[in-house]
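Below is one structure, written out as structure tokens; comments come after it.
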Amino acid sequence: MESIKEIFRIGKGPSSSHTMAPRAASQQFLARNPKAARFVVTLYGSLAATGKGHMTNTAILEVLSPAAPTEIVWKPKIFLPFHPNGMHFEAYDEADNKLDEWTTYSIGGGALADENSSSATHNVYEMTHLAQIQAWCERTGYGYWEYVEMCEGKEIWDYLTEVWKVMQEAINRGLETEGVLPGGLGVRRKAADYLIRAKGYTDSLRSRGMIYSYALATSEENAAGGIIVTAPTCGSCGVLPAVLYHLKQTRDFRESRILRAIATAGLFGNVAKTNASVSGAQVGCQGEVGVACAMAAAAACQLFGGTPAQIEYAAEMGLEHHLGLTCDPVCGLVQIPCIERNAFAAARAFDANIFATFSDGRHRVNYDKALEVMRQTGNDLPSLYKETSEGGLAKNYSLE
């Protein structure tokens, strides 16, 4: 299992699979062919179906066009067998001879993979299932975050410090910025309004409203192409920061404890990515917002002193109650229903934490089993519900 740095990527929105990964692939192909006279990039499947709304073409052209003329070919009806998000790069010389070609795939969370090998970092975790890690924690007395430190080394805290910094900056920018999001849907930013209204309530309504506002702030920044942290994706980037920021504001947790909670969240996200998927194009939004909710629930439960069993239970609930969630972005934009989903999932993560801490941590369906069900459910979903904007909420919707 790879580093949790692959779960927490810092970059520009609105999509880790449709924006971050194609940009990274373009950079790699350009480095291989710096003297090419022209480029052709063919996009397949889900990547082509919603690429324009996700700014895939913009991400590619920003890298390749300054070097040479670049043509983008869209093939939304063709799905390559390895993954729905396929890309084929071609480089030609001045005589129009093909210099190089490369097929790669955006597999979710900003990561790239070829059919035979992955571009991700080398594996750093020996145990890849949560049940194994939980048993180790209960046997040794260590926590999930200590397993992360043991595998990643103490330098992981420097990286997670930067992750937490960027998360907070995105929330603060989102709370300060107002107006309409780009894309043509006329979606107005709501984060600042929700925060103001939340402060007018007391107790639970105030708490819930503030969680909403923080999740909206990050998700709106993502939709506007701002700098965010995938957790585990751009489309679900508002869930974990909202929960942690709210707890920091209301409970005054030390930063060291917040960072340990982020490490635990990353571990749960990593297990999901390894054994199932965090790609909306592969398993639907259950792999994005569902996993994000699980990560946030685990982080919150740890902050409140949960046992390894209670933390696992909180994460399992966060995932279980998003099973079957489709990915059907209206007009291919990461706005409707994505932004609201982040706010609801953040609140649900908080609820999962509370529910788990009331329990002794024992339950029948564990996190690994929920991931197995999520993977199978994703396989059973028709492609029109997996980031193609051909079904669900996106069906028959057009800009006027």
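Values as computed for the structure displayed
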{"read-out": "Pairs of alpha carbons in the stretch 284-400 whose separation is greater than 23 Å (percent)", "value": "34"}
{"read-out": "log10 of Debye I(q)/I(0), alpha-carbon scatterers only, for the chain at 0.08, 0.13, 0.14 Å⁻¹", "value": "-0.39, -1.02, -1.17"}
{"read-out": "Sum of side-chain charges, His321 neighbourhood, beta-carbon under 14 Å (Lys, Arg +1; Asp, Glu -1)", "value": "-1"}
{"read-out": "Part-to-part distance (alpha-carbon centres) for the stretch 125-168 and the stretch 187-203, which is given in Å", "value": "34"}
{"read-out": "Spatial separation of Cα centroids for the stretch 348-362 and the stretch 55-75, in angstrom", "value": "46"}
{"read-out": "Greater than 27 Å apart at Cα, pairs in Lys5/Lys386; Lys154/Lys190; Lys52/Lys165; Lys12/Lys190; Lys248/Lys369", "value": "Lys154/Lys190; Lys52/Lys165; Lys248/Lys369"}
{"read-out": "Under 22 Å from the Cα of Lys35 - lysines, other chains or at least 8 residues apart", "value": "Lys98"}
{"read-out": "Formal net charge of residues neighbouring Lys199 (Cβ-Cβ distance under 12 Å; K, R +1; D, E -1)", "value": "+1"}
{"read-out": "Shape parameters for the stretch 84-187, alpha-carbon atoms, Rg then Dmax in Å", "value": "21.6, 66"}
{"read-out": "Accessible solvent surface per residue of the chain, calculated while the other protein chains remain in place, 1.4 angstrom probe, Å²", "value": "41"}
{"read-out": "Whole-percent carbon and sulfur share, accessible surface of the stretch 202-268, 1.4 Å", "value": "42"}
{"read-out": "Heavy-atom accessible surface of the stretch 56-180: percent carbon and sulfur, 1.4 Å", "value": "49"}
{"read-out": "Tail weight of P(r) past 17 Å, computed on alpha-carbon pairs of the stretch 1-106, percent", "value": "51"}
{"read-out": "Where no second cysteine Cβ lies under 4.7 Å, the cysteines concerned in the chain", "value": "Cys137, Cys151, Cys234, Cys237, Cys293, Cys301, Cys331, Cys338"}
{"read-out": "Tilt relative to the chain, helix 289-303 - C-alpha long axis, 0 to 90 degrees, to 10", "value": "30"}
{"read-out": "Per-residue ³J(HN,Hα) for the stretch 80-97, Karplus 6.51 cos²θ - 1.76 cosθ + 1.60, θ = phi - 60°, Hz, x for Gly and Pro", "value": "5, x, 6, 6, x, 9, x, 9, 10, 9, 9, 10, 10, 8, 5, 8, 6, 8"}
{"read-out": "Charge sum, other residues only, whose C-beta stays under 13 Å from Gln132's C-beta, Lys/Arg counted +1 and Asp/Glu -1", "value": "-3"}
{"read-out": "C-alpha long axis of helix 156-176 to longest principal axis of the chain, angle in °", "value": "80"}
{"read-out": "Amide hydrogen neighbours beyond the local backbone of Ile72, cut-off 5 Å, H modeled", "value": "Val41"}
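The values are calculated or read from the model by the stated rules, or taken from the named source; none is laboratory data. Fair warning: this is a prediction, and the values are worked out from it, not measured in the lab. Positions of Cβ are backbone-derived with ideal geometry, glycine not excepted, and every protein chain shown enters the neighbour counts. In case anyone asks, the SASA skips ligands and DNA or RNA and just uses the protein heavy atoms, side chains included. Shrake-Rupley method; radii C 1.70, N 1.55, O 1.52, S 1.80 Å.
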